[in-house]
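Laboratory data are not the source of any read-out in this text; all were calculated from the coordinates shown. In this text the structure is predicted, and so the values were computed from the model without any measurement. Every residue, glycine among them, receives a Cβ derived from its backbone with ideal geometry; neighbour counts consider all protein chains shown.
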Amino acid sequence: MKIPLIYNIRSVRQRPVSTLFTALGMALVVLVFIAMMALSRGFRAAIVETGSRENVLVVRSGSDNELTSGLGRATAQTIAGMPFVAEGSTGRPLISPEVYVLVSLDRLDGGDALVVARGVSPQAFEVRKNVEIIAGRMINSGAPEILIGKSIVGRFAGTEIGETIRFASRDWEVVGHFAAGGSAFESEIWGENEQFMPAFRGEVFQSVTFRMSDPSAFEAVKLALEEDPRLPVGAHREYDFYASQSELLTRVISIAAVFIAGIMAIGAVFGAVNTMYAAVSARAPEIAVLLTLGFRPLSVLSSFLFEALVIALIGGVLGCLFSLPLNGLMTSTTNWSSMSEVAFAFSVTPDLLLRGMIFAAVMGLIGGFFPARRAARQPVVKAARQA
Amino acid sequence: MKYARLVWVNLMRNKRRTILTTISVAAALFLFVALRSVNTTLDEARDVGSESRMVVRNAISVVFSLPEAYYNWLTTVPGVSRVTWGNWFHGIYQDPRDFFPSFGVDVDGYFDIYFEMVVPEDQKQAFLRERTAAMVGTGLMERFGWRLGQTINLTSMIYSPDQSWPFTIRAVYTPIPGWTDEAFYFHYDYLYEMSEWTQPGWYVLELEDPSLAATVATTIDEHYENSRFATRTETERAFQSGMVSMYGNVGLLMNAVGIAVFFAILLVAANAMMMSGRERTSEVAVLKTLGYSDRLLFGLVVIEAAIITVVGGALGVFGAKVLFEGTGFQGMGFLPGFEVKLSTAAVGMAIAILLGLISGLVPAWQAARLPVAHTLRRVA
């Protein structure tokens, strides 16, 4: 027969300070775990969201990033004429041969950082569906004008509309700001490829991105491009290309999260063990009564486990609540694949909160097990005598 | 000291609780020390650069190179005593994730400017003589299990990735403290030959006097301002600091987590002390009846708490030192030169003492304020 759960809930309320301290300790562990995972998720999301599954990104054969790639004009033109490149509303192929360079910008809070400057074709805004101008206007072809991604607006000097930024020995006028669905594009400067090309590296593009007319045919497209003897290229699904750039840092942060939260959990679990042992020994007479009344030791065990679980879940809920304000908080780091700065937001997702709760529950069950077992194995006579 | 036995007996009254609390504190302090060491390692990396050396790089970004022709002019700049150059190779040995820094350098000038690497003279000569020779740090030799004289093949993330680059390890350097022991150096000439075309990634200048840094930087940067390869000149320390800043605000993150760790363990320790205080209410009343003063009882409880946290703290702090040094932990290559500094250990121990004082405070205060008659009546 089961012991009513209300018994445990009332017991927990009997020792508010102890319960609260134990729960708060666990809450902090859960908070740190969620915060670090949210950091890793946010970074990953910003990088991964950059790419679309419908687009193909072409770089020089063997390059795994745009920085070290180089493709000639002829290569770009050959690809543009291929049948699997989708056509835009105007009948022109949806393709953007791009110049990709890094420029050093002054941070408003001191120091400088490398930012991606991407020279794109006029079709780029149709190729990249998630990009939209949120302030100002589109760049004019042939003019030294640039658009600024919204995450770098206000963090670097000269990023407001009407201001100019000097790089590659030229002044570039900021004519607009753009959003790109939270992706790493929002940490970039966009201009026209034909304007950037002579200003930077001469007659080469770093990558060519195009929309496939049939996204499901990627494998065939890849083969056609890579097997073509005229093209010294590697073709990647744009989504996978950027996703692979986020792997290293995401992995490092996740390992750090598990390491830190794991060690903190040792402290929290032992705290729970202490609390539960104290609860068990303080209630020895009650337990004796329960056993005498005919409750099975297993019922006593699960009853005390449940009590530990209640404390842990209070901690879990508190930890989740504490972590909520972090959601959307902006931070930045360097994308080591491109050596450029990328801004992103902490991303506290429902599944992370769920993981936090599971983490708390596991801590509670581990912490509660030994005390609960002792309660169940208590010799009735001895315990009853204490009463 | 005559109360030592009383404190000891109290600690051993509930052995399990004392041990569990001690281990909790040890785990927390271990973590605290690890987090703080990340910060001190990064701070140290900022300062590793010298103030008397300057780095000249492409103004757009360090990933762009500079013409070889700059060398001659740079040697004529007033205040510059020596010039050398290097290039980033981004070599990979087998697994791209096993990162280590690798440079093609002007081997003739390099040793004159960089005194941080200690190399046996015969190895140095062997390295200088052979075009395909490589000089490797002790740490990197150990990581990959390389031997002197061994020929290894690297690929580069920058130059044609299909190409395999054979190198023969001719020299092993021991770094002076604070300098990385995981770097890989080889001849710029070999890089030039194999890649068919390359340029210096940066120039390093040695100054006659560190106070000339600002003047030299202005002279050089103005000279090349309107060139196709404009330059940016800064002291090596400023250059390094800029590289470290690329990690983002790691310091803030580590500190925030450190504070969370502190409070989490404070809750655990304080809770344990309060529980043991509650169980001993009647004993405290008896001691008071025997004439123990309020102040003495307060002190005894605080000392008891402090013993737990100091022992736990010492375990954690020295455990971290031994473990990280024993395993040669370098943060998967992200944290070269990672170490637990003595100052970090000292801060850790100070935190442990603080933890003990705070966690003992409430039960100590309760013990001191305990109404004797009331308590004894309840016991009876």
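Using a Gaussian network for chain B with springs between C-alpha atoms less than 10 Å apart, which of these wobbles most: B:G277, B:G139, B:G326?
B:G326
Once you average over the residues of B:265-277, how many Cβ atoms of partner chains fall within 10 Å of each Cβ?
6
What does the extension gain come out to for B:Q94 and B:A350, with contour length at 0.36 nm per residue minus their alpha carbon separation?
Between B:Q94 and B:A350, full extension yields 87.7 nm more.
Ordered by packing density, taken as the mean number of other Cβ atoms within 10 Å over each peptide's residues, highest first, how do A:24-32, B:363-371, A:144-152 rank?
A:24-32, A:144-152, B:363-371
Once you treat every alpha carbon in the protein assembly as shown as an equal point and sum by Debye, what is log10 I(q)/I(0) at q = 0.05, 0.06, 0.11 Å⁻¹?
Per q value, in the given order, log10 I(q)/I(0) is -0.36, -0.51, -1.19.
So, in nm, how far is label A:I6 from label B:D221 when the simple model puts each one 7 Å beyond its Cα toward the Cβ?
Here the answer is 7.6 nm between the modelled labels.
Just to be sure I understand: with springs between alpha-carbon atoms less than 10 Å apart, which residue in A:A113, A:A288, A:A45 has the highest mean-square fluctuation in the Gaussian network model of chain A?
A:A288
Tilt of helix A:297-323 relative to the longest C-alpha principal axis of chain A, in degrees (0 to 90, nearest 10)?
On a 0 to 90 degree scale, this one is about 40.
By count of other Cβ within 10 Å, fewest leading, how are B:T138, B:T21 ordered? Write down the numbers at each step before the final one.
Working: B:T138 14, B:T21 30.
The most exposed by this proxy come first: B:T138, B:T21.
Given the pairs B:K2/B:K321; A:K129/A:K222; B:K2/B:K288, which are separated by over 26 angstrom at their Cα positions?
From B:K2/B:K321; A:K129/A:K222; B:K2/B:K288, over 26 Å: B:K2/B:K321.
Is any helix in chain B, taking whole DSSP H runs, at least 18 angstrom long along its axis by alpha carbon and on average at least 0.0 on the Kyte-Doolittle scale, and which ones?
Helices passing the filter in chain B: B:15-47, B:250-279, B:294-327, B:342-368.
Please report the relative contact order for the range A:243-372, taking Cα pairs under 8 Å with a sequence separation of at least 6, and give it as a percent rounded to a whole number.
Relative contact order here is 38 percent.
Shielding by partners for A:260-266, please: the mean number of other protein chain Cβ atoms within 10 Å of each residue's Cβ.
6
Using the beta-carbon distance between B:E193 and B:E121 and R0 = 25 Å, what value does 1/(1 + (r/R0)^6) give for FRET efficiency, to the nearest 0.05?
Values: r = 27 Å, r/R0 = 1.06.
For B:E193 and B:E121, the calculated efficiency is 0.40.
How tilted is helix A:218-227 with respect to the longest principal axis of chain A? Cα atoms for both, answer in degrees (0 to 90, nearest 10).
Roughly 50 degrees between the two axes.
List the lysines whose Cα sits under 18 Å from the Cα of A:K2, skipping any in the same chain fewer than 8 residues away.
Once the sequence-local lysines are set aside, nothing remains near A:K2.
I'd like the orientation of helix A:350-377 relative to chain A: the angle between its Cα long axis and the longest Cα principal axis, in ° from 0 to 90, rounded to 10.
Once rounded, one gets 20 degrees.
What is the gain in length, in nm to one decimal, between A:L324 and A:A135 on full extension, counting 0.36 nm per residue of separation less the C-alpha to C-alpha distance?
65.1 nm
Using only DSSP helix segments of four residues or longer, with each worth -39500 (n - 2.57), what per-residue ellipticity at 222 nm results for the protein assembly as shown after dividing by its residue count and rounding to 500?
-17000 deg cm²/dmol
If you take the beta carbon distance between B:V286 and B:R228 as r and set R0 to 56 Å, what does 1/(1 + (r/R0)^6) give as a FRET efficiency, to the nearest 0.05?
Once rounded, the FRET efficiency stands at 0.05.
Do you know the relative contact order of the range A:149-302, to the nearest whole percent, from alpha carbon pairs under 8 angstrom that are 6+ apart?
Here the relative contact order equals 11 percent.
Based on the mean of other Cβ atoms within 10 Å per residue, sort peptides B:37-43, A:96-102, B:250-256 so the most packed one is first. Each step should come with its number before you reach the end.
Working: B:37-43: 19.3, A:96-102: 25.1, B:250-256: 16.1.
So the peptides B:37-43, A:96-102, B:250-256, ranked by packing, come out A:96-102, B:37-43, B:250-256.
Please report the Cα spread of the range A:100-143 along all three principal axes, rounded to whole Å, starting with the longest.
35, 23, 23
I need the Kirkwood Rh of the range A:1-110: take the reciprocal of the average 1/r across all distinct C-alpha pairs and report it in angstrom.
Computed over the range A:1-110, the radius equals 20.7 Å.
Calculate, axis by axis, the spread of Cα positions in the range A:210-335 along the three principal axes, and write the results as whole Å, longest axis first.
That gives 87, 34, 23 Å along the principal axes, largest extent first.
Check cross-link reach from B:K124 to the aspartates and glutamates: straight Cα distance under 16 Å, and skip same-chain residues fewer than eight apart.
B:D106, B:D108, B:D112, B:E116
Could you check the simple spin-label distance between A:S244 and A:L354, using points 7 Å along Cα→Cβ, in nm with one decimal?
Taking the two extended label points, one gets 3.1 nm.
Pairs of Cα atoms under 8 Å, at least six residues apart: use those to get the relative contact order of chain A, whole percent.
Details: 767 pairs, mean separation 112.7, N = 387.
Relative CO of chain A lands at 29 percent.
Just tell me which aspartates and glutamates come within less than 20 Å, Cα to Cα, of B:K15; anything on the same chain fewer than 8 places away is out.
Correct list for B:K15: B:E279, B:E283, B:E304.
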